[in-house]
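*Asks:* Structure below; questions to follow.
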């Protein structure tokens, strides 16, 4: 079966976009045929990928995982704060204040001071595990009344820088990027879940499409059987009218026709049921789903044997199956969690350093010049050590993460085994179904010859209507069996592509 070139691009940030659009029911021949809407398997697949609800949910879940990465990265974003204050203090003094009162107070004296300040603060957590804080706080102070202060109003400025860095627990970029990498892994896992959902939807559409093909062709088989039964009935009636055949033979032919009509009714219902199943996969509007739209499959089934190698099929599945990639990513995540938990067993030892500059002046310019002149400064350093006795919480988490890592590795091994077994079964099914085509075709040819021989015997009076109807029924069954084998073979090819995860290449669909 030849597939037209097409490209479907799925981009993580925007979801699903169609590189080659294809509207449902697009007729490659133009127009409708016999009041039925033609549909190709390519058109059905592309429309399912564009509109299927399962894919929509999976795509949105995948995109939500990308926000987790940004959330973890944002923990290392700097934070800036600005605080402005004005305070006025008017209080009675009960003791002398240097620069404002004399050596001793004779009466209650009022101390009136107002202060205006601005504080600018910048903090950030570092990927090394440390954090820094830069604080700048200029201030204006004015004391009312007689005083001997050097500057009144006085302008002061303080610049302070503090750096804290862990040396054991939570130290290093690898440890502090753990949760970013886990979020990235989770996004990759969800991407594989999305890919798996795409493959599943395509396979489901293919299976439904070939079942619709079978239902339509099976109706043709039933119609051919009815035509043969009607011809037999017409002949029997003519012979009975001429007096050369009994009425029983006519009744038997009429019963045969009625039975064939019943088979047609069943076949027509099966077609409509299968049409609804296929339309449901494409998520049409409810109004469209209510309509009795008839579908006409345009692609004939494949009847040639494709070259198969079980070993190559297994290798392709191991390299491509989303389940294996998911399990591998889960192992990476479990190893990251284990490494982080092991780091939490260490004591907390942090080095802290601080340094600052100060300034004082009668105005802003004077204060800034002295503040950043370097004449007035401070600095200091220290170590902080802490360790919980027993540290049972950290040890329990570490043991838990080790068990999770073992489970992740066992899961990967189990998934690989399941994939190998599934691929081998899919290859055998393809081979078996192709052999069924050959055997059912031979059976159908024999049934045709047997019916032809029996009809010749019937013409010369050596057979009866019952025997002819029986051979007609056998031929219809043989044709249906051959058709079923052909359709099953195409469904098996679809299943094999799904097991190998090569369905996207088949339709030239690219997930980015």
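*Asks:* For a protection proxy built on the mean count of beta-carbon atoms within 10 angstrom, sort 381-388, 253-260 highest first, please. Please list the in-between numbers first.
*Replies:* Numbers: 381-388: 10.4, 253-260: 18.8.
So the peptides 381-388, 253-260, ranked by packing, come out 253-260, 381-388.
*Asks:* If you don't mind, another one. When the Cα atoms of segment 128-251 are enclosed in a convex hull and the volume is divided per residue, what value in Å³ results? Spell out each step's value before the answer.
*Replies:* On the way: hull volume 35.3 nm³, N = 124.
It is 285 Å³ per residue.
*Asks:* Could you tell me how many degrees, from 0 to 90 and to the nearest 10, lie between the Cα long axis of helix 178-242 and the main elongation axis, the longest principal axis, of the Cα atoms of the chain?
*Replies:* Long axis of 178-242 versus the principal axis of the chain: about 20 degrees.
*Asks:* For each of 367, 355, count neighbouring Cβ atoms within 10 Å of the residue's Cβ, then give the residues from fewest to most.
*Replies:* Taking fewest neighbouring Cβ atoms as first place, the list is 355, 367.
*Asks:* To continue, here is another question. Roughly what angle does helix 392-459 make with the longest principal axis of the chain, taking Cα atoms, 0 to 90 degrees, to the nearest 10?
*Replies:* Value to nearest ten degrees: 20.
*Asks:* Sticking with this structure for a sec: Based solely on C-alpha atoms, express the radius of gyration and the Dmax of the chain in angstrom.
*Replies:* In Å, with Rg to one decimal and Dmax whole: 42.1, 154.
*Asks:* Separate question: Expressed as an acute angle from 0 to 90° and rounded to the nearest 10, what is the orientation of the C-alpha long axis of helix 465-500 relative to the principal long axis of the chain?
*Replies:* With rounding to tens, the tilt is 20 degrees.
*Asks:* Same structure again: Mind running the shape call on segment 232-321? Use the C-alpha gyration tensor, a ≥ b ≥ c as the square roots of the eigenvalues: rounded below 1.5 for a/c, prolate if a/b tops b/c, oblate otherwise. Spell out each step's value before the answer.
*Replies:* Working: a/c = 4.75, a/b = 1.91, b/c = 2.49.
Oblate, because a/c is 1.5 or more while a/b does not exceed b/c.
*Asks:* Sticking with this structure for a sec: List the pair-distance distribution P(r) of segment 347-390, using every Cα-Cα distance, as the percent of pairs falling in each 10 Å bin from 0 up to the bin containing the longest distance, rounded to whole percents.
*Replies:* So the P(r) values, bin by bin, are 25, 28, 19, 16, 10, 3.
*Asks:* Nearest 500 deg cm²/dmol is fine: what mean residue ellipticity at 222 nm does the chain get from its DSSP H runs of n ≥ 4 alone, each adding -39,500 (n - 2.57), divided by its residue count? Kindly include the intermediate steps, with their values, before the conclusion.
*Replies:* Details: 12 runs with 290 residues, N = 512.
Rounded to the nearest 500, it is -20000 deg cm²/dmol.
*Asks:* P(r) for segment 253-398: what percent of alpha-carbon pairs falls in each 10 Å bin, starting at zero?
*Replies:* 8, 11, 11, 13, 12, 11, 9, 10, 8, 3, 2, 1, 0
*Asks:* Using alpha-carbon positions, what is the distance between the centroids of segment 170-191 and segment 364-387, in Å?
*Replies:* 37 Å
*Asks:* May I pose another question? As a footprinting exposure proxy, order 98, 406, 199, 477 by other Cβ within 10 Å, with the fewest listed first.
*Replies:* Numbers: 98 9, 406 12, 199 23, 477 15.
In order of increasing Cβ crowding within 10 Å: 98, 406, 477, 199.
*Asks:* Using only the Cα atoms of segment 278-330, what are the Rg and Dmax in Å?
*Replies:* 19.5, 48
*Asks:* State, to one decimal in nm, how far the label point of residue 74 lies from the label point of residue 364, with both points 7 Å from Cα in the Cβ direction.
*Replies:* 3.4 nm
*Asks:* If you average 1/r over all unlike Cα pairs in segment 177-249 and invert the result, what Kirkwood radius do you get in angstrom?
*Replies:* On the way: mean 1/r = 0.0562 Å⁻¹.
Computed over segment 177-249, the radius equals 17.8 Å.
*Asks:* Something else: So for the chain: antiparallel DSSP bridges make up what percent, rounded to the nearest 5? Provide the component values of the computation, followed by the final result.
*Replies:* Details: 62 of 67 bridges.
The antiparallel proportion sits near 95 percent.
*Asks:* Hey, with R₀ at 60 Å, roughly what FRET efficiency would residue 127 and residue 508 work out to, going by the Cβ-Cβ distance, to 0.05?
*Replies:* Numbers: r = 42 Å, r/R0 = 0.69.
With a Förster radius of 60 Å, E is 0.90.
*Asks:* I'd like the distance between the alpha-carbon centres of segment 308-348 and segment 399-446, rounded to an integer number of Å.
*Replies:* 21 Å
*Asks:* Something else: Using Cβ counts within 10 Å as a stand-in for footprinting exposure, how do 376, 136 rank, fewest first?
*Replies:* Working: 376 14, 136 17.
Lowest to highest Cβ neighbour count: 376, 136.
Taken together, the values in this text are just the output of simple stated rules run on the coordinates, not laboratory data. Model, not experiment: these values are computed from the prediction. Because the Cβ atoms are built from the backbone with ideal geometry, glycine has one as well, and the counts that use them run over all protein chains shown.
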